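Read the structure below first, then the notes.
Read-outs: derived from the displayed coordinates by stated rules, not from any lab. Here the structure is a predicted model, which means the values were calculated and not measured. Glycine gets a Cβ as well: all are built from the backbone with ideal geometry, and neighbour counts include every protein chain shown.
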Amino acid sequence: MRKKDKVYSVIVVSGATTSSREFSVSGRFLRNAAVVVLALLAISGFAIFGYLNTVSDQRELSQLKVDMVEKDRLIDDLGKKVETLDLSIQRMEIYTDRILVAAGLKSPLALREVGSGGPVEFRTDPILPAAEPVTVPRSKDILGHATQLNTKSRELENTLKYVRSVIDKQKMRLASTPSIWPTRGYLTDVFGQRRHPITGKRDFHYGLDIATQLGNRVIAPANGLVLCAEKRSFYGNLIIIDHGYGFTTRYGHLASFNVREGQRIKRGDVIGYVGNTGMSSAPHLHYEIRVFGKPRNPLNYMID
């Protein structure tokens, strides 16, 4: 047998008129009303939660947009800096090529031409060829491009270190090359065949005879080490200097010495004084250059 639904009575009393009204409400209605109220509360709760989530998402989205704009700006700035660095490295490569050519480590034909014709203009700041245009890389390519630039810069650094070492060696060689006059005067005999001024016989003269005033200074034409400073029969008072790289020089007929054996000297140091010792007819300096023991014409080495 079906259970009878309960009925509830609701009496509303008005205090002003002492009247009352009575309502009858079934239990099913109350249950249904409670379900509806709970459903409405749930829907309202979900709506509020969704609204709050939407507001939060919009704020995060706005912040992400701001961050993306800032990141794009930073990427553009980084791209421009990479482009500037690339242009600088290109110009450094051009300078490096010119340095290699100047140092004799690269053929001049390797240099790129910068046009031709027109008057010659001497500048202290050489005009460089225009660097190749560079496209600013996007974010995914910047790292790879920067790595390439880092590799290029290291290669340039190693090349320039090598050039420096070669130039240092060349400087040492130049400093050891007898390239200035050992004394001032005029030539009475040159390198080659001649008639000896004392014996009158034909012989080969292995150096230069520089006539000058007795006692004039004789200077070292290059850096070196004094091998001997002693008296010999034909040369008279003789100094021999070893300059390295196969170069030796001889100074004969000196009046006196200003150096001793084993002493290191530099270009321009006074090593002795012009005299008339040994087989000599008048005050003069007999000057020789030998390369690996073979006599060479000193005039081929003098630049001053």
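According to a simple spin-label model (label point 7 Å from Cα along Cα-to-Cβ), what is the distance in nm between ARG164 and ALA282?
5.4
State to the nearest 20 debye the size of the charge dipole of the stretch 220-266 about its Cα centre, where the only charges are +1 on K and R beta carbons and -1 on D and E beta carbons.
Working: 6 positive and 3 negative charges, 14 e Å.
Its charge dipole is roughly 60 debye.
What does the charge add up to near LEU64, with Lys and Arg as +1, Asp and Glu as -1, over the other residues with Cβ less than 14 Å from its Cβ?
-2
For the pairs LYS65/LYS152; LYS231/LYS294; LYS171/LYS231; LYS266/LYS294; LYS80/LYS161; LYS161/LYS294, note any where the Cα-Cα span goes beyond 25 Å.
LYS65/LYS152; LYS171/LYS231; LYS80/LYS161; LYS161/LYS294
Mind ranking 34-40, 94-100 by how tightly packed they are, going by the mean number of other C-beta atoms within 10 angstrom, highest first?
Put in order of decreasing packing, that is 94-100, 34-40.
Compute the Cα gyration tensor for the stretch 186-300, then decide on rounded, prolate or oblate, letting a ≥ b ≥ c be the square roots of its eigenvalues: rounded whenever a/c is under 1.5, prolate when a/b is larger than b/c in the other cases, and oblate in all that remain.
Oblate, because a/c is 1.5 or more while a/b does not exceed b/c.
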